[in-house]
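Written below as structure tokens is the structure these notes are about.
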Amino acid sequence: MLVVMGKAATPQMVAVVCDEIRQMGLTAHPIPGMQRMAIGVTGNKSQVDSDRLLTLPGVEDIIQVTQPYKLVSREWHAEDTVVQVGGVAVGGRNFVVMAGPCSVESREQSFRVAEAVSEAGVKIFRGGAFKPRTSPYSFQGLGHQGLEILAEVRERFGLLVVTEAVDTETLDAVAEYADIVQIGARNMQNYSLLKKAGRCKKAVLLKRGLSATLEEFLMAAEYILAEGNQRVILCERGVRTFADHTRNTLDLSAVPYVKRTSHLPIITDPSHATGRKDKVIPLSRASIAVGADGLLIEVHHDPSRALSDGPQAITPADLRQLMQELRALSAVLEREMA
Ligand code: PEP
Ligand code: MN
């Protein structure tokens, strides 16, 4: 439920409404807007006695939020959320590319890719230090040493860093080093991890689960916002289908759906969605066209020697071409590229 305050409502009137909501055993979330203040109400198991609030001074209207998710819904927050990450804005008219290797493999490899990524005009470097691998015998990432390398990449190349937290044990360490904490597809419904990410002070990149519906995806984001972290960026990374020409199927239709039902920014990951480098550029073009707020792309200077996901890594030269194409498309689509 959303309590909409009148334009002339004073801060005292807002405080009285918040107090009343708390006295009803519920949680009040004041949401400042361009024109007026709104107060979101959560914690109710059944219909709230809205008359009790409607009669308070300054209250103009009460809106029932029809979706099962509240804080992430457009009904709750009509304007696009723009997530600020160290000088880069994700959401609104901005189109932001995050690129780098699947895994941080070594200092040399990370520096080499970071240099290329930065030269191509990318501001956010991706690279996994903790890797969720299908096989326990595959490279699992450099762990803490990988985080140290990412800190050096930030320092040396002036890049922001997005990296994955695979469990609650290592989330604090990841959050200390990362500018954006990634929650991977396999962990989209790891509720203790989501709650902990909701209490961390960093922006969160939440990837859609391999077989999650969009309602489940948005409910997962709700966990993070419900803990107080509003800086969430969603990521469509492909879902499992019967198709065998592609690793997963990039669900491009998720983008306009999510943009209509939620105020959060959504980017796509054509690398994990397709698993093949030749499909990354075409689906990146499609992503900006369909309204995505950015991309997460895997890049490697020597894909055949990559320790993970080599077949889907594009080269630095491919990335430069992609960035050029995206700049041309963004002009047509009225998007801003940093
Ligand atoms: C990744 O981005 O490195 C990754 C493992 O992706 P996903 O969780 O989408 O499989
Ligand atoms: Mn990968």
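The values are calculated or read from the model by the stated rules, or taken from the named source; none is laboratory data. In this text, all values refer to a predicted model and were calculated from it rather than measured experimentally. With ideal geometry, Cβ positions are generated from the backbone for all residues, glycine too; neighbour counts draw on all protein chains shown. All accessible areas refer to the heavy atoms of the entire protein, side chains included, with ligands and DNA or RNA removed. Shrake-Rupley method; radii C 1.70, N 1.55, O 1.52, S 1.80 Å.
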Evaluate the stretch 134-157: report whether one residue or more is within 12 Å of ligand 2 (Cβ to nearest atom), under 18 Å from Ile297 (Cα atoms) and of a type in the set (A, V, I, L, M).
no
Output for Cβ contacts, cut-off 7 Å, separation at least six or different chains, first residue open to solvent by 80 Å² or more (accessible area, probe 1.4 Å) in the stretch 7-19, second assigned to a loop (DSSP other than H, G, I, E, B), reads Lys7/Gln35; Lys7/Arg36
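How many residues are surrounded by 13 or more Cβ atoms within 10 Å (Cβ to Cβ), out of contact with any Ser or Thr (no Cβ under 7 Å at 6 or more places or on another chain) and not hydroxyl-bearing (Ser, Thr, Tyr) if we restrict to the stretch 256-272? Quick ask: steps written out before the conclusion?
Our first condition is that a residue be surrounded by 13 or more Cβ atoms within 10 Å (Cβ to Cβ); within the stretch 256-272, this holds for 256-259, 261-272.
From what is left, the residues that are out of contact with any Ser or Thr (no Cβ under 7 Å at 6 or more places or on another chain) are 256-259, 266-267, 269, 271-272.
Now drop any that are not not hydroxyl-bearing (Ser, Thr, Tyr), which leaves 256, 258-259, 266-267, 269, 272.
Adding up the residues that qualify gives 7.
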What tally of residues in the stretch 290-306 results from selecting those that are out of contact with any Cys (no Cβ under 8 Å at 6 or more places or on another chain) and open to solvent by 10 Å² or more (accessible area, probe 1.4 Å)?
7
Restricting attention to the stretch 153-196, report how many residues are aliphatic (A, V, I, L, M), closer than 16 Å to Tyr223 by Cβ and not in a helix (DSSP H, G or I).
4
Among residues belonging to the stretch 197-219 that are open to solvent by 50 Å² or more (accessible area, probe 1.4 Å) and assigned to a helix (DSSP H, G or I), point out the one that is farthest from ligand 1 (Cβ to nearest atom).
Arg199
In the stretch 307-335, which residue that is surrounded by fewer than 19 Cβ atoms within 10 Å (Cβ to Cβ) and small (Gly, Ala, Ser) is nearest to Phe130 (Cα to Cα)?
Gly310
Answer yes or no: is there a residue in the stretch 74-87 that is surrounded by fewer than 21 Cβ atoms within 10 Å (Cβ to Cβ), more than 30 Å from Val3 (Cα to Cα) and under 21 Å from the mean Cα position of the chain (by Cα).
yes
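Restricting to the stretch 263-280, name every residue that is more than 15 Å from Phe95 (Cβ to Cβ), away from ligand 2 (no atom under 14 Å from the Cβ) and among the aliphatic types (A, V, I, L, M). Lay out the reasoning, then the answer.
Filtering the stretch 263-280 down to residues more than 15 Å from Phe95 (Cβ to Cβ) leaves 263-264, 271-280.
Now restrict to residues that are away from ligand 2 (no atom under 14 Å from the Cβ): 263-264, 278-279.
Leu264 - this is the single residue of the stretch 263-280 that is more than 15 Å from Phe95 (Cβ to Cβ), away from ligand 2 (no atom under 14 Å from the Cβ) and among the aliphatic types (A, V, I, L, M).
Going by what's in this entry, would Arg126 be described as out of contact with any helix residue (DSSP H, G or I) (no Cβ under 7 Å at 6 or more places or on another chain), more than 16 Å from ligand 1 (Cβ to nearest atom) and of a type in the set (Lys, Arg)? Before you say what the answer is, go through the steps one by one.
Values: out of contact with any helix residue (DSSP H, G or I) (no Cβ under 7 Å at 6 or more places or on another chain): yes; more than 16 Å from ligand 1 (Cβ to nearest atom): no; of a type in the set (Lys, Arg): yes.
No, not satisfied.
So which residues in the stretch 233-258 are assigned to a loop (DSSP other than H, G, I, E, B), touching a strand residue (DSSP E or B) at 6+ places or on another chain (Cβ under 7 Å), polar (S, T, N, Q) and within 13 Å of Leu283 (Cα to Cα), if there are any at all?
Within the stretch 233-258, Asn248 is the sole residue that qualifies.
When the stretch 42-60 is examined, which residues are found to be surrounded by 12 or more Cβ atoms within 10 Å (Cβ to Cβ) and either farther than 27 Å from Ile224 by Cα or in contact with a Phe, Trp or Tyr (Cβ under 6 Å, 6 or more places away or on another chain) (or both)?
Step one: filter the stretch 42-60 for residues surrounded by 12 or more Cβ atoms within 10 Å (Cβ to Cβ), giving 42-44, 48, 50, 52-54, 56-60.
If the condition is that a residue be surrounded by 12 or more Cβ atoms within 10 Å (Cβ to Cβ) and either farther than 27 Å from Ile224 by Cα or in contact with a Phe, Trp or Tyr (Cβ under 6 Å, 6 or more places away or on another chain) (or both), then Arg52, Leu53, Leu54, Leu56, Pro57, Gly58, Val59, Glu60 are the ones that fit.
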Residues that are in contact (Cβ under 8 Å) with a residue 60 or more places away in the chain, under 22 Å from Asp293 (Cβ atoms) and within 16 Å of ligand 2 (Cβ to nearest atom), drawn from the stretch 103-127:
Val117, Arg126
Please indicate, with yes or no, whether at least one residue in the stretch 282-289 is buried (at least 16 other Cβ atoms within 10 Å of the Cβ), modelled with pLDDT of 95 or more, part of a loop (DSSP other than H, G, I, E, B) and more than 15 Å from ligand 2 (Cβ to nearest atom).
no
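Assigned to a strand (DSSP E or B), at pLDDT 95 or above and out of contact with any Gly (no Cβ under 9 Å at 6 or more places or on another chain): does that describe Ala15?
no
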Hey, can you tell me all the residues within the stretch 228-248 that are open to solvent by less than 70 Å² (accessible area, probe 1.4 Å) and away from ligand 1 (no atom under 16 Å from the Cβ)?
Gly228, Asn229, Ala243
